[in-house]
1. Go ahead and estimate [θ] at 222 nm for the chain from helices alone: -39,500 (n - 2.57) per DSSP H run with n ≥ 4, summed, over the residue count, rounded to 500.
2. Mind listing the long-range amide H neighbours of Ala39? Cut-off is under 5 Å, sequence gap 5 or more, other chains count too, H placed in the peptide plane at 1.01 Å from N.
3. Taking the chain as a Gaussian network, where each spring joins two C-alpha atoms under 10 Å apart, which residue of Lys169, Lys118, Lys254 fluctuates the most?
4. Across the chain, where is the longest run that never hits GluC sites (Glu not before Pro) in a DSSP loop with at most 16 other C-beta atoms within 10 Å?
5. Between beta-carbons, use under 13 Å as the cut-off and find the net charge around Arg198, counting Lys and Arg +1, Asp and Glu -1.
6. Apply 1/(1 + (r/R0)^6) to the Cβ-Cβ distance of Gln252 and Ser140, taking R0 = 41 Å, and write down the FRET efficiency to the nearest 0.05.
7. Using DSSP to define loop residues, name the trypsin sites (Lys or Arg not before Pro) in region 129-182 whose beta-carbon has at most 11 other beta-carbon atoms within 10 Å.
8. Over the chain, with a Gaussian network built from C-alpha contacts below 10 Å, which listed residue (Arg38, Arg218, Arg230) shows the highest mean-square fluctuation?
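What follows is calculated from the coordinates using simple rules that are stated; it is not laboratory data. Please read these numbers as outputs of a predicted model, since none were measured by experiment. With ideal geometry, Cβ positions are generated from the backbone for all residues, glycine too; neighbour counts draw on all protein chains shown.
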Amino acid sequence: MAQNKKNKQESNDSLDYNESSTYRKIKCDTFTIEGFSRAPVMTFWRIPEFKLGFDLGWQPWEFMGSPKWFISHCHMDHVLALPAYLARRRMMLMDPPTLYVPEQKVGDLRQFIAAFCKLEQSALPCDIIGVRPGDELDLSRELVATVHKTYHTVPSVGYIVWERRKKLKPEYLELTGEQIRDLNLAGVEISYEIRFPRVAFLGDSSARGLDENPDMYRADALITEMTHLRVPANGGAQLKGHMQLDDYVARQDKFQNKKIILSHVSIRYPQNDIERQLKIKLPGLLDGRIELV
């Protein structure tokens, strides 16, 4: 059975089918960000090198191999493809994935999945973990994710994925390898951890979500939202829980990111209008760091 499972996974890797034309691929220094977002149609992102993704408003076939997904909130355009993702992994005999979701929505998400189980008359196995701001999630020896409060119209969170490394404490730098080994065996803590914010995912949020999470401004790559180009005709009703272009203009000196992915723009705006307004208000696109998706 184990060999059969392995063969199934390998056959999945070799399937000659992909949907890469439906999403963007953005190269960063040591990882790739793949995905797309348009309000209120779909939002989906993944970092294949880290084996994780953010939100599942759509699920290209090749995204199926990512086993960990971080859900920012449960609006339709951010979770609609979740049942398809679970069913595909089950069909390919892959291990149940892990889903991280705001703790207030764990029960609702289970009911959502259960409804599809009833329709399909089969199981959609997964591990659902409720999270809240302040949580730390160990992903591997090198990676850890932190959960951050955001401000949307429903319970929501953002995430930062950090790379962590061990550094030898200064007082032990002059020791030999044998001396360091002996201290390790004796249970002495000879190193300390340093962290580097690699990817920040805001999800849907007002600008307050960025301002109260300053580490997002420092991440190598920031995936953020810009739903509106300007204040909507009905004012704050539609703007609530979202950002607009002027929010970025007002904060342009705060962004230390190497890549700033502006996404989730409303479908009410034509693409040429989005690009024109962005170039007018942020000429140079913050030294070319902005990627409009």
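1. Only helices count here, giving -7000 deg cm²/dmol.
2. So Ala39 has HN proximity to His264, Val265, Ser266, Ile267.
3. Comparing Lys169, Lys118, Lys254 in the GNM, the peak value goes to Lys169.
4. Counting at most 16 other Cβ atoms within 10 Å as exposed, the longest clean stretch of the chain is 20-141.
5. 0
6. The computed FRET efficiency comes out at 0.75.
7. Taking region 129-182 and a limit of 11 other Cβ atoms within 10 Å, the loop trypsin sites (Lys or Arg not before Pro) found are Arg141.
8. Comparing Arg38, Arg218, Arg230 in the GNM, the peak value goes to Arg230.
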